[in-house]
1. Using a probe of 1.4 angstrom, how much of the accessible area of the chain is carbon and sulfur, in percent?
2. Out of (i) 18.7, 56; (ii) 22.6, 78; (iii) 15.7, 48, which label holds the value of Rg and Dmax of the Cα atoms in Å that was computed here?
3. Name the residues whose placed amide hydrogens come within less than 5 Å of the amide hydrogen of residue 77, ignoring near sequence neighbours (fewer than 5 apart) on the same chain.
4. Suppose every Lys and Arg Cβ carries +1 and every Asp and Glu Cβ carries -1, with no other charges. What dipole size does the chain come out with about its Cα centre, to the nearest 20 debye?
5. State whether the range 113-193 is rounded, prolate or oblate according to the following rule on the C-alpha gyration tensor (a ≥ b ≥ c being the square roots of its eigenvalues): a/c under 1.5 gives rounded; otherwise a/b larger than b/c gives prolate, and the remaining case gives oblate.
Amino acid sequence: MRTTTVDRSLRGSPTPPRPRTLIHPGTFNPVRIHSRSARRGRHFRLSLRPGASLYDALVQALAGAGVANASMTLLGGVFSHLDYCTAPPDPRHQRVVAYTEPIPAGPAYLIFGNATLGKTDAGGALVHCHAAFCDARGEPLGGHIIAQTTIVGPRPVPVLVTALDGFELRATYDAETNLRLLQPQGADDYDAA
């Protein structure tokens, strides 16, 4: 696997350096974005239940609204405990990145986040969330939020939801990246984009 990086001798140049090029280990897929568009959509706001895990708060509230797949924006709020991980280069070179072990941030203030609700291979709910937040010292941090162990603080966290009705997102193996990725799966009620 190759990772091409910028020439650091250009520092101080008025022209920004070219971003590094990441080359995944698997066979190149010329279709860069796999997409579906729903014939109808639902948009709503919900408030995450204090004391619940981010996973339970999202999955239970959305299941109650009849939503199994969604795109969400978390608009800020307090978590009494937040765990996250980052994705540095894979030291074993089996993929471009590999998640770190969970990092406990402790109590944290969410600045902004995006989450996706989809399904695991077995059909269970899967929450994938990336966010920017500050820890108790005010240190700005960010990464992949561990939804199962991150706990909503004393006040509800507001979330904007777009239900993805008519197709499903399922974590499936992607041969190019050598990762499991949430990918749209066909259903009877969708228009291929």
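The values are calculated or read from the model by the stated rules, or taken from the named source; none is laboratory data. Values in this document were obtained by computation on a predicted structure and should not be read as measured data. Reconstructed Cβ throughout: ideal geometry from the backbone, glycine too, with neighbour counts over all protein chains shown. Surface areas here come from the heavy atoms of the whole protein model, side chains and all, with no ligands, DNA or RNA. Shrake-Rupley method; radii C 1.70, N 1.55, O 1.52, S 1.80 Å.
1. C and S fraction of accessible area: 55 percent.
2. Matching the structure shown: (i).
3. 110
4. 460 debye
5. Verdict is prolate for the range 113-193.
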